[in-house]
Each structure stands twice: as structure tokens, then as C-alpha cells.
Amino acid sequence: MNASNIGHLVQLAFIAGAALFVIGLHLMNSPATARTGNRVSASGMVIAISAEIVFVTQGGVGLGNWVVLIGGLALGGGLGLRMARTVAMTSMPQLVSLFNAVGGGAAALLALADFIARDGHRVLAGGVPGLDGWRTLFIIADVIIGSVTFTGSLVASAKLMGRIKGQPILIPGGRILTWLLLVAGLSVSIVMILAGAGAVTYEPSILTLLLLAALACALIFGVTMVLPIGGADMPVVISLLNAFTGTAVAMAGFVVGNVMLIVAGALVGASGAILTRLMASAMNRSIANILVGGFGAGEGTQSALTSAGGTVREVSVDDAAIQLAYANKVIIVPGYGLAVAQAQHGVRELADLLEARGIDVSYAIHPVAGRMPGHMNVLLAEANVPYPQLREMDEINPEFERTDVALVVGANDVTNPAARTDRSSPIFGMPILDVDRARSIIVVKRSMGRGYAGIDNPLYVNPKTGMFFADAKRGLQELVAAVKAL
Amino acid sequence: MTIDVLIENLTVFVLAILLGFEVISRVPATLHTPLMSGTNSIHGIVLVGAIGLAATADNPLAALIAFVTMAFAGANVVGGYWVTDRMLQMFKRRPVPSTDKPAR
């Protein structure tokens, strides 16, 4: 078989790989088939990688190149595997952010290498125009988007790990710096694209410097963009950076002329865009508003009672246990506070006890319950909660009216009825879980502190609500013991 | 880049975005974290570009960039698929009744 035939076979293998990606994603439409879907997608990856290795071998690969290839893969793959095996499910957002960073970084490096190689070897040596306008456009888009993703995701990851304060960090003049970087990066890009199109002429070394300037702007921009964004806005930021990585990979596909990269990048970009939009609308905020930052000032410590009016009814652990144990239908409303307190197993244990008494138990999951889209579901699945009990907001909201007890653990703003009724509330219009429509409500909460939006929650002074003041983990253990004793 | 190649690639790009929107909007919110981590592994496909780079690098700078790119993309692919699988195996219709100590 000659080289051209092999080239065609490799192209066919790429098409097969891209198709397997799509089929794999399609199988993710149900928890029952999702694991198979991920494996289908992985097999597409293996086919594509094998095909590319066969392809490059045709051209003859030197020993040194094999060392670079295998050494880099072994190092990265080993580290990736180690992190994937050891990461705690609560730390998933950090890891996903880290993978966003390396994916975006790799895409940016591809374009950078392509540019430097062309600059050094073809433009200088042959006098052949090595660049054209379009190609330059894709190179620069890839370098900029990939670099912003790289540093932005690293900052997001560091914030989630607690290495950097989760609160918005506002540097004096930071906003102006961000705008300046944006303008500078775009100006350099336009100059380069014009040069690529032949409208202006520069020495290759100047072009290289310009690209490096754009790279520097993008790297700093990524930092100044994410630093001012608060920890609770991370679901949106991670989704957005995910979309960026996809776009960067698609741009890299245009640069190196590989259709499979274009398809894969487009799929990831679409996924990131969908998730970004979902997360932003679940918080009732525009993406621009979140990027401007400064809203999520963190857990307030002031009493939430001051302006809410009305009185709080405290409930003892025994009363709460009786209420739960003699209900017909219970909905558990977990928030991120549950995960912070590591109380997922406690909540599942309580649910098991109630189910054993013939009570219908389900979980109402708000889209932003967690630090990334769908995070709470993974945390509960890890605690052995069966997935049919994990219910989405729109699906479960009509059921609250028929619910005897809604048990709220570690959730605050997503249960705040002010979002429905109070036009002056900062969260007015945010979709919430209709907890207040249940026949009775039990809220497990450490104190009367406010949620992340720092606003009062009228749910707590609702006459139907009993407040059980306790740390989520200990509170649930006490409830389990009390239900067992009945 | 000839205009023909550009248009061909743009066609693929636009259709893939539309296909992505179709397929991904059917994924339930329950699976959004594994979805994101799964698509994360998919963008590890830059590994294919990195292999091309590593195989043709003929100077130390190119070799260095190729090495870092291989490491980045390799971590992305291996770690991404592994952790997605780890997450998805936890989603069970009826988990086996566990006797483990819940508190950890």
C-alpha cells in the first residue's frame, strides 16, 4: 500500500473517530447509557490517536522525536491518571478546570509552534508567502483564546482549591487593565491579520514579537478576567472556559488542517455554550454581569431576621424526626452547604430509613447547587443515592404542593420565595425550588446567617417552617438516630 | 490556506456546532458534570495535533513546545476519560445496599 492510500485510510479513521464522539455524547442522554457513551467516545479517541501515529510514521520519525512524543505523553498521561484516580468528588470542579487549562494551553501551543516553524523555515528560507490572512486569523484566535483559557482556568482552579481567596479580588485599576489588555490584544491581532493578508509588510521577527505580545496580553487577561469573580459564580465561569477551550481546539484544527479537531472543538464549544447559558439563567444573571464580578461577596454573618419581619419557629430534633417519619412524601433539598459539611452520606442514610417506612423520598436539585453544573448529583450518586431519586427543578417543582415535608439542608438562596414575589430583591426572577409550597418545611441550618447573595430569606419566618439549628452533618446524624428510636 | 479548504472546513465547523447543540441539549441536568468532564476529554483531541508536532520537530525550541503540548494533551485525554468513567459508574438505578460506615 502506498503512502497516499494510507493517508486516505487515516482520514477515514478520523471520520470514524468524530462519529464515535457524537454517538458517545448522544448516549449521555440517560444515566443508564452514559458510561457506555464515555467509553464509545474514548474508543474514538484511541482510533484517532492510533491513526495519527501511523500517519506520522509514514514520514519517518527520528529517535529524538519519538522520545519527545512518548516522553511527553507518558508524563502528562501519568499525571492526569493520578489526579483522576485520587480526586475527591467535591474537588471535581478544580480538576475539570485544570483539564480546561491544559487543553486550552495545548491548543495555543499548537498554533504558536506552527507560526514559529513557518516563520523560521518557510517565510525566511523560500521567500514563499508562508502566511495568508485567514491562516493568521486562525493562528491568532487560537493563541489568544487558548491562552486566556489557560491562565483563566488555572486561576479558577486555584480559587476552587482555596489557594486563592474565593471572594472576588478587586485590584485597583484592575478593570481598566482588563480593558486595556483587550484593546491591545485585538489591535495586535488586526495588524497581524493585515500582514498575513499582505496589506502591510513586516520582518518575520517583528511578526513573531507581535504574536508574543498578543500571547502575553491574553495570558494576563485570563488572570484579570477570573480574579474578580466570586466563588459561587464558578459554575458559569467553568462552563464559559469549557466553551473557550472547545473553540480554541477548533481554531487549532483550522491551523493544522485537521477536520477531526474542528469537529471535536465545535462539539465541546456547543456543550460549553449550552451549559454557560443554563447556569447564567439559573442564577438569573447575564453572563456580562457575572464577568463584571463583585457580587458574590461570600457568606454573610448578619442576622437574616432584621428586615424579614415575623418570628422564627425553632424545632427540636425529636419533633423534626416525628414530622419526617409520619409523612407520606418527603423532598430533600440539598445545597452546597451539604457538601461543604460532608453530609451526603448522612442524608442518604436518613432517606433510606424513611423509605424503609414506606415514605416516598426524592431530592430536588437546583441547577446551581454546587460549584459546577450538575455537581450535586455526582456528590449524591457517590453517597449511593439512586439516580431516579435525583430530580431536576422543573420536574419536581409541581410536586411540592403534594409534599408533607420539604427538608432543606445547606441550601438558601435557591429556596428564597422573594425571587418570585419581591421585585426589589436582588434575586427577583431567579428560578427557585418551590419549597414554600410544601405542607411543612424543615430547614437544617447552622445559624441565621445569610446566603451568598447576602439577602433575607422569608422562608425562615414562614409559619409552616421549623428551623433545626445544627451543623448539617451532626444535624442529620441526630435526625437519623431520632428516626431510628421511633 | 486556499479558499476551497477554508470553506470546506467552515462547513464542517458550522454543522458540527449545530449537531453539538442538538445532541447536548438532550443531556439531563443530572449528568451535566460528567458531560462537562466528558467533553473535556474530547478536547484532548489536540493530542492528534501534538503528535504531528512532536514527529516533525527539528529544533530544540520546537521539540520543547512539542513535549509540553504532548504532556498537556496527554493529561487531558487520559485523566479526562478516567475521571468521567469513575463518576459515571457511581450513577446506579438501585445501588447495592451498602453496609459501609457512612461517615468518612
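Here the calculated FRET efficiency for residue A:91 and residue A:392, from their Cβ-Cβ distance with R0 = 35 Å, stands at 0.90, rounded to the nearest 0.05.
Give me the distance in nm between label points sitting 7 Å out from Cα along the Cα-to-Cβ direction at residue B:14 and residue A:423, one decimal. Spacing of the two 7 Å Cα→Cβ label points: 4.4 nm. For the stretch A:145-201, the orientation-averaged shadow of the C-alpha convex hull comes to 5.0 nm² (one quarter of the hull surface). Inter-label distance, residue A:161 to residue A:36: 3.8 nm, where each label sits 7 Å from its Cα along the C-beta direction. Compared with the direct C-alpha span, the chain from residue A:180 to residue A:284 gains 34.5 nm at full extension, assuming 0.36 nm per residue.
Only helices enter this figure: runs of n ≥ 4 DSSP H residues, each worth -39500 (n - 2.57), summed and divided by the residues of chain A, yield -19500 deg cm²/dmol at 222 nm to the nearest 500. A rounded overall shape is assigned to the stretch A:317-485, the ratio a/c of its alpha-carbon gyration tensor axes (a ≥ b ≥ c) being less than 1.5.
Working from Cα pairs under 8 Å separated by at least six residues, relative contact order for the stretch A:13-113 is 19 percent. Using the structure shown, list the pairs from A:165/B:92; A:165/A:484; A:165/A:445; A:165/A:464 with a Cα-Cα distance above 31 Å, or answer none. Over 31 Å apart, Cα to Cα: A:165/B:92; A:165/A:484; A:165/A:464.
The label-point distance for residue A:50 and residue B:58, in a model that sets each label 7 Å from Cα toward Cβ, rounds to 3.1 nm.
The fewest-to-most ranking of A:134, A:66 by surrounding Cβ atoms within 10 Å reads A:66, A:134. The base-10 log of I(q)/I(0) for the stretch A:89-298, evaluated at q = 0.07 Å⁻¹, reads -0.22 [Debye formula, identical scatterers on Cα atoms, solvent excluded]. Considered as an equivalent ellipsoid built on the Cα gyration tensor, the stretch A:1-86 has semi-axes of 28, 22, 5 Å, the largest given first.
Counting other beta carbons within 10 Å of each residue's own, what order do A:391, A:135 fall into, fewest first? All intermediate terms of the calculation are to be shown ahead of the outcome.
Working: A:391 19, A:135 23.
Taking fewest neighbouring Cβ atoms as first place, the list is A:391, A:135.
Mean partner shielding of peptide A:33-43, defined as the number of other chain Cβ atoms within 10 Å of each residue Cβ, is 6. Computed from point charges on the beta carbon alone (+1 for Lys and Arg, -1 for Asp and Glu), the dipole magnitude for the protein assembly as shown about its Cα centre is near 960 Debye.
Each peptide among A:279-287, A:24-32 gets the average number of other Cβ atoms lying within 10 Å of its residues, and from highest to lowest they stand as A:24-32, A:279-287. Look at A:83, A:45 and count the other Cβ atoms within 10 Å of each Cβ; fewest to most, that gives A:83, A:45. Here's the picture: charge each Lys and Arg Cβ at +1 and each Asp and Glu Cβ at -1 in the protein assembly as shown, and of A:212, A:110, B:29 the one pushed furthest to the positive end of that dipole is B:29. Peptides A:430-440, A:195-205, A:460-470 ranked from most to least packed, by the mean per-residue count of other Cβ atoms within 10 Å: A:430-440, A:460-470, A:195-205.
Size descriptors for the protein assembly as shown, from the alpha-carbon set: Rg then Dmax equal 25.9, 88 Å.
Measuring between their Cα centroids, the stretch A:206-274 and the stretch A:317-338 lie 44 Å from each other.
Looking only at other chains, what is the average number of their beta-carbon atoms within 10 angstrom of each beta-carbon in A:272-281? Taking the mean over all residues of the peptide, I get 3. Counting Lys and Arg as +1 and Asp and Glu as -1 over every other residue whose Cβ lies under 15 Å from the Cβ of residue B:79, the net charge comes to +2. In terms of its C-alpha gyration tensor, the stretch B:3-88 comes out oblate, because a/c is 1.5 or above while a/b does not outweigh b/c. Relative contact order, whole percent, for chain A stands at 14, derived from Cα pairs under 8 Å and 6 or more residues apart.
A short reminder: the numbers here are calculations on the coordinates, not readings from a lab. Everything numeric in this text was worked out from a predicted model, so none of it was measured. Virtual Cβ from ideal backbone geometry, glycine too; neighbours counted across all protein chains shown.
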